[in-house]
Amino acid sequence: MSKKIYTFIFITILSALLLAACGGSAATTTTNSSASSAAADGPDTDGDGIPDTAEKVLGTDPNNADTDGDGQNDLADQSPMMTDNPIQESSTTQGFTISGLLVENNEDANGAGVPDHLELKVTNTGTADLTNFDIYYTITDKDTGAIQGYYRMLPGFTVAPGETKDIHFDNTGQPDHYNWNPNSAFFTDPNGLTVAVTLHAPGLAPQSGSVDKDPAGAEGGVE
Ligand SMILES: [Ca+2]
Ligand SMILES: [Ca+2]
Ligand SMILES: [Ca+2]
């Protein structure tokens, strides 16, 4: 699906939601509409101007004002779940590898299992600590070709020489676990998906990998 189509869908849905929040029709203006609109919209946790309930419909992150990490607020962003890869690195020096990449989507009815997540194993093959990583990843629907693209910095993630450590995306808030969009295609699209990642540390060649997630929430990956 093209960016223009995404933009059109986004604007159409947003317009409908805002119209509904304002009373359901442009013709039904009332004298107390401003007083009632805040309660009708519900909470806006990330303060980006889009209520949490609307973010769920739109597919944006209710806990992140800039879902795709391109620097533009969700409300202003014409493609809020799609940014191009901003990582620009000319170095060809090898300093780390992605030694494992897996997805899990357990659809766990009793909540006892591992939470839905994306996991990367990163091995430092150099002689100095590595830190200040950033990552770009895409989620592509293998049937429709629809694609979402996200950029994130990974503060606090450090790998010592020879060490292998995991990066998790799972919204659990633990160390080396990073938040990601709970309304993304990873959770809402039942088709087979391909998750592709590009991981970067300053001054070193970026490393890439991809993993498929089977239809209907099945798991995939290699360790
Ligand atoms: Ca919001
Ligand atoms: Ca948001
Ligand atoms: Ca954005």
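The values are calculated or read from the model by the stated rules, or taken from the named source; none is laboratory data. From a predicted model like this one, the values you see are computed outputs, not experimental measurements. FYI the Cβ positions are ideal-geometry reconstructions off the backbone, even for glycines, and counts take in every protein chain you see. For accessibility, only protein heavy atoms count, side chains too; no ligands or nucleic acids. Shrake-Rupley method; radii C 1.70, N 1.55, O 1.52, S 1.80 Å.
Some points to look at:
- For region 96-222, the share of accessible area belonging to carbon and sulfur comes to 52 percent (1.4 Å probe, ligands and nucleic acids excluded).
- Less than 5 angstrom separates the built amide H of Glu163 from those of Asn124, all sequence-distant by 5 or more or on a different chain.
- Couplings for region 134-146, taken from phi via the Karplus curve 6.51 cos²θ - 1.76 cosθ + 1.60 with θ = phi - 60°, read 9, 9, 10, 9, 10, 10, 10, 6, 6, 8, 9, x, 4 Hz in order; Gly and Pro are left as x.
- Table column - 3J(HN,Hα) (Hz), region 167-174, Karplus curve with 6.51, -1.76, 1.60, x for Gly and Pro: 10, 10, 10, 7, 6, 8, x, 7
- The dipole here belongs to region 96-222: it is taken about the Cα centre, uses +1 on the Cβ of Lys and Arg and -1 on the Cβ of Asp and Glu, and is about 400 debye.
- Accessible area per residue in Å² at 1.4 Å probe, computed on region 96-222: 42
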